[in-house]
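Colleague: Pasting a structure here, questions to come.
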Amino acid sequence: CGPRHLSNMDIRHTSQTLSELNLMTYDFHGAWDKTTGVNAPLYYQGFGDEEFNVEACVENWIAGGGSRDKINIGLPFYGRSFEGATGLNQEHGGADKAIWGIDDGTPQFFNIMSKLPSMTQVWDEKTWTQYAFFENGGLVSFDNENAICAKTEFVQKHNLNGFIVWELTGDILEDLSTPLLDVVNEKLMNPN
């Protein structure tokens, strides 16, 4: 989705040749950035590169000749962690491998869910995504059910083809429920 990558692609030819265009609309921000940011913002987060969000990525592909009915957006069933942070656009100490060591700092959704009761959760109105943090520091950006539902609605309203998921097993909770996949199916079956 990065504009530098898109400028090196013949999107029109690619769209005519391939049956699907799978856009990796996650990993927009992570421990490699100087400040904390949203892993998979649906809309611009208000700082950093204005093109690093789902909406801008899709619009850039369409402007380049991509076909709406072939575009699949990515749904992340994992999060991105930031050591020592408690909010967005803050400096941090890299991926938080102390808290999220089992996932090497990139926690699966089911591991995030297990720690949420001891975290402060924030719905980010700008990006339509969730993040949570520990009072003494340690932030994780992730898509909860509301964020996944919003992305499903985005696909429906913009007449896109569908989704790619990374990674499906991240959504399997201890009780074997799959809340993220369930909300996608529920929204597809009942758009209202």
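The values are calculated or read from the model by the stated rules, or taken from the named source; none is laboratory data. Because the structure is a prediction, the values reported are computed rather than measured. Cβ coordinates were reconstructed from backbone atoms using ideal geometry, including for glycine residues, and neighbour counts include every protein chain displayed. Calculation scope for accessible area: heavy atoms of the full protein, side chains included, ligands and nucleic acids excluded. Shrake-Rupley method; radii C 1.70, N 1.55, O 1.52, S 1.80 Å.
Colleague: With the cut-off at 19 Å, tell me which of the pairs Lys126/Lys151; Lys70/Lys126; Lys115/Lys151; Lys115/Lys187; Lys151/Lys187; Lys97/Lys151 have Cα atoms farther apart than that. Working shown, then result.
Modeller: Details: Lys126/Lys151 14 Å; Lys70/Lys126 27 Å; Lys115/Lys151 24 Å; Lys115/Lys187 27 Å; Lys151/Lys187 10 Å; Lys97/Lys151 28 Å.
Over 19 Å apart, Cα to Cα: Lys70/Lys126; Lys115/Lys151; Lys115/Lys187; Lys97/Lys151.
Colleague: Also, quick follow-up: Given a 1.4 Å probe and the protein chains all in place, what does the accessible area of Phe47 round to, in Å² to the nearest 10?
Modeller: Roll a 1.4 Å probe over it and Phe47 shows about 40 Å².
Colleague: Counting residues in the chain as N, plug N into 2.2 N^0.38 Å and put the Cα Rg over that result. If you can, show how the numbers build up before the last one.
Modeller: Working: Rg = 16.5 Å, N = 192, 2.2 N^0.38 = 16.2 Å.
Normalised Rg, Cα atoms only: 1.02.
Colleague: Still on this structure: Could you go through the stretch 175-192 in sequence order and give the Karplus-derived ³J(HN,Hα) for each residue, using 6.51 cos²θ - 1.76 cosθ + 1.60 with θ = phi - 60°, rounded to whole Hz, and x for Gly and Pro?
Modeller: Karplus values, whole Hz, x for Gly and Pro: 7, 6, 6, 10, x, 6, 5, 4, 6, 4, 4, 4, 5, 5, 6, 9, x, 7.
Colleague: Also, I was wondering about something else. For Thr169 paired with Arg12, estimate the spin-label separation in nm (one decimal), with each label point 7 Å from Cα along the Cα-to-Cβ line.
Modeller: 4.3 nm
Colleague: Can you give me the % of accessible surface on the chain that is carbon or sulfur? Probe 1.4 Å, all protein chains present, nothing else counted.
Modeller: Numbers: 4600 of 9510 Å².
Answer for the chain: carbon and sulfur cover 48 percent of the accessible area.
Colleague: Kindly point out, ordered by number, any Cys in the chain whose beta-carbon has no other cysteine beta-carbon under 4.7 Å away.
Modeller: Cys149
Colleague: Computed over the Cα atoms of the stretch 6-95, what is the convex hull's projected area averaged over all directions, in nm²? Don't skip to the end; give the middle numbers.
Modeller: Working: hull surface 25.0 nm².
With the hull built on Cα positions only, its mean projection is 6.3 nm².
Colleague: While we're on this one: Excluding Ser19 itself, what net charge comes from residues whose Cβ is under 13 Å from its Cβ, given Lys and Arg +1 and Asp and Glu -1? Display every interim value, and only then the final one.
Modeller: On the way: positive: Lys70; negative: Glu20, Asp69.
So the environment of Ser19 carries a net charge of -1.
Colleague: Let me know the longest stretch in the chain that avoids all GluC sites (Glu not before Pro) found in a DSSP loop with at most 15 other C-beta atoms within 10 Å.
Modeller: Formally, the longest exposed-site-free interval is 51-124.
Colleague: Amide H of Val165: which non-local residues (sequence gap of 5 or more, or other chain) have their own amide H closer than 5 Å, using H built in the peptide plane?
Modeller: Leu75
Colleague: Something else now. Using a 1.4 angstrom probe with every protein chain in place, what is the largest-first accessible-area order of Arg80, Arg12, Arg68?
Modeller: Numbers: Arg80 45, Arg12 130, Arg68 85 Å².
Largest accessible area first, the residues go Arg12, Arg68, Arg80.
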